[in-house]
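Structure first, then comments.
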Amino acid sequence: MPSDPVLDDLRKVCHDRARPAEDADAVAEVAARYVASPGSTEETSEVLRLAAQHDLRVVPRGAGTKLGWGVPPTAVDLVLDTTAITGVVEHAAGDLVAVVRAGTPVETLQSTLAEAGQQLALDVPTAGSTVGGTVATNMSGPRRLLYGTLRDLLIGITFVRADGVVAKAGGKVVKNVAGYDFGKLLTGCYGTLGVITQVAFRLHPHPPVQRFLTIEVDGAEAAGRAVAAIVNSQVVPTAVDVHQSADGPTSVTVLLEGTEQGVTGRVATATAVLGDAAASDEPPPWFGALPFDDRQVGLKLTTEMAGLPRLLLAAQQAADRHGLSIEVTGSAAGVLYAGLSVDVSPDAAAAVVTDLRSAAGSYAGSVVVLTAPAAVSRGLDMWGPVPGLDLMRRLKDQLDPQHRLAPGRFVGGI
């Protein structure tokens with residue numbers, strides 16, 4: 001069997017962690033040629049130097065839980081698997097800071113922090129997700145209402161550019177590379193600007209007590225009133241999540257955290273505000289979960305808090321208008337996720353997205369198609385209107401002039 005010079009070079013860097021790609025390594029149904037799994041930032045740098053030398057298009061991959069999200073890449077020569085880049089590098093408990101390698105599962109990081117009574121105040125809806133993949137897809141769940149988004153919790157980042165140059169920004173580094181805030185730029189870029197290898201996070205104490213209050217309401221407008229009442233009260237909720245099922249009730253769940261005495265008093269106050277709410281130590285099954293799977297069209301909807309009932313109502317009306325079902329769940333902070341019927345047609349999916357974009361735009365919002373079956377995604381504008389697209393393209397050209405990193409995955413074909 002003839003030698004493969006590309007595979008031989010990759011194996012020199014990654015040892016036994018480089019191989020020909022298999023069918024399961026396809027990215028959004030685009031087949032790959034090779035898979036390499038470097039074990040450090042330095043090995044990642046060498047792999048990307050080899051990719052530049054052999055003119056390979058590279059797609060970074062963590063656990064692969066959201067690999068089908070975004071637009072399919074124009075080509076995949078090399079899947080760069082980060083799952084060997086693992087471990088907590090530093091946990092400065094006194095400073096509430098942790099530095100962790102990108103391939104580390106988020107659950108592993110949380111378990112380590114819990115031993116010191118601390119947490120990364122981030123909700124990850126897909127089991128097994130890695131730190132780097134979570135940053136690359138910008139996942140922030142219900143607790144964003146109190147703690148902010150992933151961008152607010154990330155204070156430092158190490159990444160490797162397409163040419164193999166290692167760059168660092170934020171954290172203990174005094175000066176950001178080229179003046180950019182790369183922590184924010186790489187969050188949600190789907191691997192198109194660089195391969196993340198290490199992240200520094202701001203931490204928070206782990207609250208000793210949690211209580212969940214859930215109330216069923218009569219539709220979108222009632223959900224909006226309940227959300228406004230609790231957010232404007234004195235109970236300081238950690239999260240307020242809304243769930244609008246496809247064929248059942250609409251619910252609002254409030255998460256309260258703190259000491260036993262403090263939470264007990266706030267539960268009483270919140271109950272008086274909401275009315276007949278059910279209290280539990282456990283969240284409802286939909287809390288912080290995505291209302292879709294890989295077979296469905298999955299949407300991310302954003303809006304100002306005041307636009308929440310309008311967007312929920314628009315989803316109900318779109319479902320009725322186009323004869324399909326839509327399940328919606330998400331944060332009162334104005335970020336919702338929606339799942340369309342498994343059997344939705346391309347035309348119906350496109351019509352629903354158009355309707356929801358019209359409603360979201362009324363409150364400075366947006367609608368992004370996170371994932372869709374190939375037969376449906378071909379007829380969809382996945383990202384919709386994006387302010388600053390020209391600037392984003394210039395940044396891509398500057399960091400990856402050959403467009404080798406995750407080509408075409410991001411907005412505007414970046």
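All of the numbers you see were taken from the coordinates with simple rules; none came from a lab. As the structure is a prediction and not an experimental result, all values here were calculated from the model. Cβ sites come from the backbone with ideal geometry, for glycine too, and all protein chains shown count toward neighbours.
Apply 1/(1 + (r/R0)^6) to the Cβ-Cβ distance of Ala279 and Arg19, taking R0 = 51 Å, and write down the FRET efficiency to the nearest 0.05. So, using R0 = 51 Å, E works out to roughly 0.45. If R0 is 35 Å, what FRET efficiency do you get for Asp55 and Arg151 from their C-beta distance, rounded to 0.05? With a Förster radius of 35 Å, E is 0.60. Expressed to the nearest 5 percent, the antiparallel share of DSSP beta bridges inside region 16-141 is 55 percent.
Consider all pairwise Cα distances in region 41-154 and report the whole-number % of them above 23 Å. Roughly 35 percent, once rounded to a whole number.
Start at zero, step by 10 Å, and the Cα-Cα distances of region 298-377 spread as 20, 57, 21, 1 percent across the bins. Considering region 5-83, its Cα convex hull presents a mean projected area of 4.8 nm².
Modelled spin-label separation between Val89 and Ala364, with each label point placed 7 Å from Cα along the Cα-to-Cβ direction: 3.5 nm.
Here is the list for region 36-124: GluC sites (Glu not before Pro) lying in DSSP coil, each with at most 12 other C-beta atoms within 10 angstrom of its C-beta, are Glu115.
When the P(r) of region 193-286 is calculated, the portion above 17 Å amounts to 53% of the C-alpha pairs.
Given the Cα-Cα distance of Glu304 and Gln402 and 0.36 nm per residue of separation, how much length would full extension add, in nm?
Working: separation 98, 0.36 × 98 = 35.28 nm, distance 3.76 nm.
Value of the extension gain: 31.5 nm.
Label positions at Ala351 and His206, each projected 7 Å from the Cα along the C-beta direction, are separated by 5.0 nm.
For region 88-205, the pair-distance distribution built from all alpha carbon pairs, in bins 10 Å wide starting at 0, is 14, 50, 31, 5, 0 percent.
Note on Ala26 and Tyr180: the model spin-label points, each 7 Å out from Cα along the C-beta direction, lie 3.2 nm apart. At q = 0.07, 0.15 Å⁻¹, what log₁₀ I(q)/I(0) does a Debye calculation on the Cα points of the chain give, no solvent, two decimals? Once normalised to I(0) and log-transformed, intensities are -0.35, -1.40. Report summary: the helix-based calculation at 222 nm, which adds -39500 (n - 2.57) for every DSSP H run with n ≥ 4 and divides by the residues of the chain, gives -8500 deg cm²/dmol.
Restricting attention to the chain, the count of lysine pairs at 8 or more positions apart or across chains with alpha carbons under 28 Å apart stands at 14.
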